[in-house]
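Shown next, in structure tokens, is the structure this report addresses.
Taken together, the values in this text are just the output of simple stated rules run on the coordinates, not laboratory data. Nothing here was measured: the structure is a model prediction, and the numbers come from that model. A quick note on method: Cβ atoms are made from the backbone with ideal geometry, for glycine too, and the neighbour counts reach across all protein chains shown.
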Amino acid sequence: MATLAEKTAIVTGGARGIGAGMATVMAREGARIAIFDLDGETAKQTAEALGNGSFGLACDVAVGTEVKAAVDAAAAQLGGLDILVNNAGAGRAPLDPTVTRPTGGGGNVADMEQDSWDEQLSQNLRTTFVTSKAAIPHLRARGGGAIVSIASIAGLIASPTLPAYAAAKAGVISLTKSLALDLAGDGIRANAICPGFLWTRAWEGLATGLKMSVPAYRDADPRDIFLEVVKRGVPLGREQTPEDIGELAAFLASDAGRNITGQWIAVDGGITLRQA
Ligand SMILES: NC(=O)c1ccc[n+]([C@@H]2O[C@H](COP(=O)([O-])OP(=O)(O)OC[C@H]3O[C@@H](n4cnc5c(N)ncnc54)[C@H](O)[C@@H]3O)[C@@H](O)[C@H]2O)c1
């Protein structure tokens, strides 16, 4: 029996990358899914490919009013909501070959503009707050449910070149614990996943930034730069995949995880064992 049979879910930022991988695994386990993404067209295509009545819609999950309308509409179309996956984040920066720094707002605190700080907190932490806030009444109406939020290993370790992103992801872990205690009486569980190194559009941008800014990488292909980072940094010696994250998200959202709440789990091949 599929672990998420009869369940419904919203996956934010699910048009591609980790979100699409999680949606694929959760649909395989029986869930019907509404994919929210800035890129509404790709969200629709990704959802249709799941082939089980899942659907996609355009939504900027950093904007509270937009999110509430989208969550209400999706819950109505799904016939209720059991699971929220807060995944959208970090991915707004375009892959721009003219940039000379990593995309996604890298740079240390002394060099960072306040606007960049605010933007990254909004993209990576406010998104989790506003979508959870909009989903809670629907999860309560169902008599319980699960929230799974995607943080990052950057939220667990010192990240001097990505301080705003790292602070936002540490905030996602903290918010997860607060939600878990606040909502335990409603039968709603909240957990976070900290992915390690995954070859998605986000890392393509980072590797392109490294190519531009690190002389030793000037002639290297971004994918090879990524594989070099994996080789040096991951004790298990391999990159993580969106499906790896999806397997854990599906487990945490299912009844098999019914006594797990307020936790974060790294899916990182051991990266943080060396850096914690
Ligand atoms: N790739 C990695 O190695 C890695 C590691 C740790 C954590 N993460 C986290 O995983 C999540 C997914 O990252 P990814 O690597 O799949 O990135 P990605 O850029 O490949 O995909 C992100 C998706 O989210 C959407 N999105 C971004 N902001 C949005 C918003 N405000 N509203 C709606 N949709 C939005 C984008 O359009 C895109 O489809 C992010 O929260 C990221 O911080 C990624």
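Taking every Cα atom in the range 195-272, find the radius of gyration and the maximum pairwise distance Dmax, and write them in Å.
Rg, Dmax (Cα atoms, Å): 15.5, 50.
Rg to Rh for the range 8-275: what is it, with Cα atoms only and Rh by Kirkwood?
0.96
Ala5 to Glu204: extension gain in nm, 0.36 nm per residue of separation minus the Cα-Cα distance?
Length difference between fully extended and current span is 68.2 nm.
For Arg274 and Ala184, compute 0.36 nm times the residue count separating them, minus their Cα-Cα distance, and round to one decimal in nm.
Value of the extension gain: 29.0 nm.
Lys133: which lysines have alpha carbons under 27 Å from its alpha carbon, excluding same-chain residues fewer than 8 sequence positions away?
Correct list for Lys133: Lys7, Lys44, Lys68, Lys169, Lys177.
Ignoring GluC sites (Glu not before Pro) that are buried or in helix or strand per DSSP, and keeping those with at most 13 other beta carbon atoms within 10 Å, what is the longest stretch of the chain between them?
Value returned for the longest uninterrupted segment is 114-276.
Roughly how many whole Å is it from the C-alpha centroid of the range 1-55 to that of the range 231-269?
Centre-to-centre distance over Cα atoms comes out at 18 Å.
Mind giving me the FRET efficiency for Val109 and Gln45? R0 is 30 Å, r the Cβ-Cβ distance, nearest 0.05 is fine.
E(calc), rounded to 0.05, equals 0.15.
For Val214 and Asp255 in the same chain, what is the full-extension length gain: residue separation times 0.36 nm, less their Cα-Cα distance, in nm?
The span from Val214 to Asp255 would gain 10.1 nm if fully extended.
About its Cα centre, how strong a charge dipole does the chain have in debye, to the nearest 20, once Lys and Arg get +1 and Asp and Glu get -1 at the Cβ?
Result for the chain is approximately 520 debye, rounded to the nearest 20.
Using Cα-Cα distances under 8 Å and only pairs 6 or more residues apart, what relative contact order does the chain have, in percent?
21 percent
Can you run the Rg to Rh ratio on the range 1-69? Use alpha carbon positions and the Kirkwood inverse-distance Rh.
Rg/Rh for the range 1-69 comes to 0.98.
Mind checking the range 170-276 for trypsin sites (Lys or Arg not before Pro) that DSSP puts in a loop (not H, G, I, E or B) and that have at most 14 other Cβ atoms within 10 Å?
Those satisfying the criteria are Arg218, Arg238, Arg258.
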